[in-house]
Amino acid sequence: MVGAAVAGMFVTLVAGSEVYGVLSPLAAVGGSMMVGALATALATALAIRWAGRAVAVIGLLGALL
């Protein structure tokens with residue numbers, strides 16, 4: 001669910017910038033950097049909470065991509 005939410009936020013930023021022109025490209029890049037940082041922090045918190053290395057690896061790799 002977290003992965004789908006993060007992907008949805010990235011898609012929203014791309015669509016808002018490129019398709020609809022509501023966001024400037026600079027704002028979309030800044031927003032995507034914040035989403036990546038938030039995704040990394042959230043994946044780390046979930047991995048610690050659930051004590052799952054797989055969750056941490058998938059979350060960190062997804063944020064890096």
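Values in this text are rule-based calculations from the coordinates and carry no lab data. What you see is a predicted model, and the numbers here were worked out from it, not measured in a lab. Positions of Cβ are backbone-derived with ideal geometry, glycine not excepted, and every protein chain shown enters the neighbour counts.
Helices that extend 24 Å or more along their long axis by alpha-carbon positions and average at least 0.5 on the Kyte-Doolittle scale are, among the DSSP H runs of the chain, 25-50.
Taking the helices alone, the chain has a mean residue ellipticity at 222 nm of -26500 deg cm²/dmol, built from -39,500 (n - 2.57) per DSSP H run of at least 4 residues and averaged over all its residues. Once the mean 1/r over all distinct Cα pairs of the chain is inverted, what Kirkwood radius in angstroms do you read off? Final number for the Kirkwood radius of the chain is 12.3 Å. Stretched out straight at 0.36 nm per residue, the stretch from Met1 to Val29 would grow longer than its current Cα-Cα span by 7.7 nm.
Please give the FRET efficiency for Trp50 paired with Phe10, using the beta carbon to beta carbon distance and R0 = 35 Å, rounded to the nearest 0.05. That gives a FRET efficiency of 0.90.
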